[in-house]
Amino acid sequence: MTRRFLLDGREVAFDAPADTRLLEALRGPLGVTGPKPGCGIGRCGACLVLLDGAPVPSCLVLAARIDGSEVTTVDGLGDEGAAILRALADAGAIQCGYCSAGMTVAIAGALRTVPRPGPDAVLELLSGQICRCGGYEGIRRAVQALFG
């Protein structure tokens, strides 16, 4: 069945069975590599996207759910995403970089879900993001710089 939705501000369509996961569609037929495969059970945050403005792990979203929706990946965050990535890099929070796309989407999502979030609120919203390199102190510094 053909699935149609907005991806990073542009209309896309692809054919997929209803049980295809959004992450598979993004990295496969849609050619988007920002969201990374990680745990596959929605716990690590590497594949995080904004679905109709809310942060969700794309490994848990079925293609059947995305018809008519808006999906924003790290690539679709534009200047906002670039500013967040710059803050993460400046704070030494990007080591291997595997979590940085999901972390960026999570921070952008925090801006959308919490009015005037303070650093503590943002850090709580990031609690589902796993940095395998242990760069949490740098992430905390970046959040302080962005929201402090």
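General observations
- Globularity index of the range 86-148, i.e. its alpha-carbon radius of gyration over 2.2 N^0.38 Å: 0.98
- Translational diffusion coefficient (Stokes-Einstein; Kirkwood radius from C-alpha pairs) of the chain at 10 °C, 1.306 mPa s, in µm²/s: 104 µm²/s
- Counting protein heavy atoms only, the range 25-148 has 51 percent of its accessible area on carbon and sulfur, 1.4 angstrom probe.
- For the set Leu125, Leu26, solvent exposure ranked by accessible area (probe 1.4 Å, protein chains only) runs largest to smallest as Leu125, Leu26.
- In the context of the full protein assembly, Ile94 retains an accessible surface of approximately 60 Å², using a probe radius of 1.4 Å and ignoring ligands and nucleic acids.
- Largest-first ordering by accessible area, 1.4 Å probe, given options Cys59, Cys96: Cys96, Cys59
- Accessible surface of Asp67 - all protein chains present, 1.4 Å probe, nearest 10 Å²: 70 Å²
- Shape metrics for the range 37-112, restricted to C-alpha atoms - Rg then Dmax, Å: 12.4, 39
- Most to least packed among 6-15, 71-80, 32-41 [average Cβ atoms within 10 Å]: 71-80, 32-41, 6-15
- Solvent-accessible surface of the range 1-92, taken per residue with a 1.4 Å probe and all protein chains present: 48 Å².
- Selection from Gly53, Gly9, Gln95, by position along the positive dipole direction of the range 3-148 (Cβ): Gln95
- Among the trypsin sites (Lys or Arg not before Pro) in the range 58-148, those located in a DSSP loop and surrounded by at most 15 other Cβ atoms within 10 Å of their own Cβ are Arg132.
The values are calculated or read from the model by the stated rules, or taken from the named source; none is laboratory data. As the structure is a prediction and not an experimental result, all values here were calculated from the model. Positions of Cβ are generated from backbone atoms using ideal geometry, with glycine treated the same way; all protein chains shown enter the neighbour counts. Only protein heavy atoms, including side chains, enter the accessible area calculation; ligands, DNA and RNA are left aside. Shrake-Rupley method; radii C 1.70, N 1.55, O 1.52, S 1.80 Å.
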